[in-house]
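Sharing a structure here in structure tokens format.
Every number in this text was worked out from the coordinates using simple rules, so none of it is lab data. All figures in this text were calculated on a predicted structure; none of them were measured in a lab. Positions of Cβ are generated from backbone atoms using ideal geometry, with glycine treated the same way; all protein chains shown enter the neighbour counts.
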Amino acid sequence: MRALNGDDLQILTDEAETIVKSAAVEKQLKFDISYIEQFPATVNNEECLEAIEKAAVKNGLTVKTPGPS
């Protein structure tokens, strides 16, 4: 899973675990959840981001960026 920040990633993780647990109980299944590669949310370099946005605008593209949550 990917998220904009660590808090959102934790929310997604919790929701996924809840769905798995609920489905397992409903179907009388055993389950095990493990994580093999957790890493923090990706944070873009501001200077690089600005350069890409300027190039996009210069080429007539619309720049859309999600706001922080």
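Using a Förster distance of 35 Å, how high is the FRET efficiency between ILE36 and VAL63, based on the Cβ-Cβ distance and rounded to 0.05?
With R0 = 35 Å, the Cβ-Cβ based efficiency is 0.50.
Right, next: Beta carbons within 10 angstrom, averaged per residue: use that to sort the peptides 27-40, 52-65, 5-18, highest first.
Put in order of decreasing packing, that is 5-18, 52-65, 27-40.
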